[in-house]
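First the structure, in the form of C-alpha cells, and then the observations on it.
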Amino acid sequence: MRGAMALVAWLGLAAMVPAQQFAVEKFLDDQAFVVARIRPKKVELNNAIAYLTKNKVIPQAQAIAFALLAGTVKGSLDRNAEEIFVVYSMSMVASGEFLPLVAVPTKDAEQQEKLEEMLRKIPGAGDVLKTKRLDNALLASSPGTLERAARQLGKPRPDIGEAKVLWGDHAVQVAVVPTADQKRSLKELVPPLQKPLDKHSSQELAAGISWMSFSMDPFPPRMKAAIRGADARWVEKGMSFIKDALQFAPLAISDADKNLAEPAGKLMQMMGNGLKKEGNDIVLELNDPQPILDLFAAAAAKARGSAQSMQSVNNMKELLLAMHVHHDAKNSFPAPAIVSSEGKPLLSWRVAVLPYLEQENLYRKFRLDEPWDSEHNRKLVPLMPKLFAPEGETLQPGHTPYVVPVGKQTMFFGAKGGKLGEVTDGTSNTVALIQLPAGRAVIWSKPDDLDADPKVAFDELTKGFSDRITVGFGDGTVRRIKFPLKEEVFRNLLDKADGKTIPLLD
C-alpha cells in the first residue's frame, strides 16, 4: 500500500518536468508487457473536480479546498509537464520487485535534483521508491529494477511499436502486449463463459489476442481502444462476442440496480455504434462523453445512497444500544414518552435516551415536567443531535425519521417502559425501531411515533415507503426489508409476544 501511494505521489511530482525527445524503447526487454505514456497537460483537472463536486462525489464542504489545489497543480502542470513513461515487465515480477519503472524526461541535472528533493519530502516515499539519474531522464522504481534499467540498451519490440501506433491523441496511452507465457496461462486459466454468452469460447478468445492498445482522456471521458487478433477469423469471433456482451450488459446491470439500466443501455448502444473492424484489429472509439457521464452520475448517486444508508444503519444501532443501556440502568426500555403526573405525554423517548448517547448536557437542559412545545423546551428543538438526522435525507430542521412502533403488542406501550422478559418472541424477532420516509419525519423531542395498533390500516402503516423499509430489532440488528411486504409478516414482526418467528428475507 505504501509503495502504491508513493508511486502515485511520484507521478504527480514527475509531471512538473518539461520533456525533451525521449525513447522509452531502450528500457524494454523481451518480457515487457505494459508501456504507458501520460501527458498531464491534456487532463482537464479543474473541470473534472467541478463535475465531481456537482455530483457530490467530492463533499461540498471541501469543494473550495479542492478547487484551490486543482488550480495550483493544474497551473504548474500546464507550464511544465510533457510526458511520463511507465514500463512493466515480467522480469520485475520474477526478481521479486513489483514496482514498475517510471521514466521522466528531464533537461538537466538541476531538474533531476529538484525532483529527488521533492520526493524525499513525501513521508515514506524514500523507503519504497529509489531514483537514478541518466543524461536525459530520471528513473524511479525499486533498486534492482533501476540497476537493470541503467544497464540495458533495449530489445526490439515491434509488437509494442504496433500497439503504440494506434494510440489516439489522449492524455493517457497504454499498450498491453502479453508475453508467450502470459498467453498460455490466460488460455489455461480463463473460466468458461456463462449464459447467455456460453456460445462463445473464452479459451479461443483469450488465445487469439496479440496485443491491446488503449488511449483515453479521463475528463471529459473519451477513449480509443484496439485489440489485435491473431487472424481475420478471430476478429469475426471477437466482434460477435463483444456485440453480444454489449447487448447483455444492460440486462445484467438492471438486475443489480434498475436505476442504472437506462444510462448503461445508452452507453452500450454508443459503444456498439463505435465498434468497427480494421484489418486484424477490433477498434472502439468513444468521442461523446455524455453517456459515460450519465452512467457515472447514476452510479455516484447509488454509491451516495449506499453510504448514506450505511450511516443511517449505524445511527439506528446506536439508538438501539442506548435503549439497552437504559434497560440496564432502569430495568426497562424507555417508555414511548416522558409523561406528566396525570399521565399526559410530554417529551419523546428520544429525549429519555440522551444520557446514553453522550448527550447528558442537552438532557439536563430539558424541563421534564413541561411538554416538548413549552416556551422553554421548544427552544431546544434546533439542538437535535446529528444522530437523529441521517445524512442525505431532506428533513425539516429538528425533524427525525427514527420512531418506535407504539401499541399494546409492541415493545413500547404505556407510561412505563417495557421489560426484556416481556419480549417472549425474542428480541431478534421483534421490531424496536423504524426509519420513516423523510416526508413522515417527526419533531425529535415530540412524543410522536408510529401507531402500530392492529386497528391501524396496513396502508397507513407503510405509507410513503418505496421499495424497502429499514427496521431495527430488539437485539440491536438493523435490516432493510424489501417490498412487497406481506401484512401478516410485518404485523408479526411488530408483536413482541405472538409466538411467531418470521424468517426474514433481505
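The values are calculated or read from the model by the stated rules, or taken from the named source; none is laboratory data. Just so it is clear, the model here is predicted, and its values are computed rather than measured. All Cβ positions, even for glycine, are placed from backbone atoms using ideal geometry, and neighbour counts span all protein chains on display.
Considering region 325-335, and only residues there that are part of a helix (DSSP H, G or I) and in contact (Cβ under 8 Å) with a residue 12 or more places away in the chain, the residue that is surrounded by the most Cβ atoms within 10 Å (Cβ to Cβ) turns out to be HIS326. Is it the case that some residue within region 386-407 is under 22 Å from PRO355 (Cβ atoms) and surrounded by fewer than 17 Cβ atoms within 10 Å (Cβ to Cβ)? Yes, the conditions are met somewhere in region 386-407.
Across region 336-351, a minimum of one residue is classified as buried (at least 20 other Cβ atoms within 10 Å of the Cβ), among the hydrophobic types (A, V, I, L, M, F, W, C) and within 19 Å of VAL431 (Cβ to Cβ).
Restricting attention to region 315-365 and to residues that are small (Gly, Ala, Ser) and touching a helix residue (DSSP H, G or I) at 6+ places or on another chain (Cβ under 9 Å), the residue that is farthest from TYR402 (Cα to Cα) turns out to be ALA329. Residues in region 108-131: is at least one buried (at least 16 other Cβ atoms within 10 Å of the Cβ), without any contact (Cβ under 8 Å) to a residue 24 or more places away in the chain and either part of a loop (DSSP other than H, G, I, E, B) or touching a helix residue (DSSP H, G or I) at 6+ places or on another chain (Cβ under 9 Å) (or both)? Yes, region 108-131 contains a residue that is buried (at least 16 other Cβ atoms within 10 Å of the Cβ), without any contact (Cβ under 8 Å) to a residue 24 or more places away in the chain and either part of a loop (DSSP other than H, G, I, E, B) or touching a helix residue (DSSP H, G or I) at 6+ places or on another chain (Cβ under 9 Å) (or both).
This table checks each residue for (1) within 26 Å of LYS408 (Cα to Cα); (2) surrounded by 15 or more Cβ atoms within 10 Å (Cβ to Cβ); (3) modelled with pLDDT of 80 or more.
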position: ALA245; (1), (2), (3): no, yes, yes
position: ILE253; (1), (2), (3): no, yes, no
position: GLY279; (1), (2), (3): no, no, yes
position: ILE282; (1), (2), (3): no, yes, yes
position: SER309; (1), (2), (3): no, yes, no
position: MET323; (1), (2), (3): yes, yes, yes
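Across region 288-295, not a single residue is classified as over 21 Å from the mean Cα position of the chain (by Cα), part of a loop (DSSP other than H, G, I, E, B) and either modelled with pLDDT of 85 or more or closer than 25 Å to SER466 by Cα (or both). Does ALA432 qualify as being aliphatic (A, V, I, L, M), outside any loop (DSSP other than H, G, I, E, B), touching a strand residue (DSSP E or B) at 6+ places or on another chain (Cβ under 8 Å) and under 21 Å from ALA452 (Cβ atoms)? Yes, satisfied. Taking the numbered list (1) farther than 26 Å from PHE465 by Cβ; (2) assigned to a loop (DSSP other than H, G, I, E, B); (3) among the charged types (D, E, K, R) in turn, GLU391 passes all entries but (1).
Selection of region 209-220 for residues being farther than 12 Å from TRP167 by Cα and surrounded by 17 or more Cβ atoms within 10 Å (Cβ to Cβ) yields ILE209, SER210, TRP211, PHE219.
The set of residues in region 168-226 that are of a type in the set (A, V, I, L, M), in a strand (DSSP E or B) and under 28 Å from the mean Cα position of the chain (by Cα) comprises VAL172, VAL174, ALA175, VAL176, MET212, MET216, MET223, ALA225.
Does VAL93 satisfy the condition of being farther than 23 Å from PRO221 by Cα, modelled with pLDDT of 60 or more, part of a strand (DSSP E or B) and not polar (S, T, N, Q)? No; evaluated as a whole, the condition is false for this residue.
Pairs meeting the criteria (first residue in region 482-501 and at positive phi, second residue among the acidic types (Asp, Glu) and assigned to a loop (DSSP other than H, G, I, E, B), beta carbons under 7 Å, at least 6 apart or on different chains) are GLY499/ASP425. Within region 416-435, the only residue that satisfies the criterion of being hydrophobic (A, V, I, L, M, F, W, C), out of contact with any Gly (no Cβ under 6 Å at 6 or more places or on another chain) and at pLDDT below 90 is LEU420. When each of LEU146, LEU189 is tested for being at pLDDT 85 or above and out of contact with any helix residue (DSSP H, G or I) (no Cβ under 8 Å at 6 or more places or on another chain), the lone residue that passes is LEU146.
For region 24-48, filtering for residues that are surrounded by fewer than 21 Cβ atoms within 10 Å (Cβ to Cβ), in a loop (DSSP other than H, G, I, E, B) and within 35 Å of the chain's Cα centre (by Cα) leaves 3.
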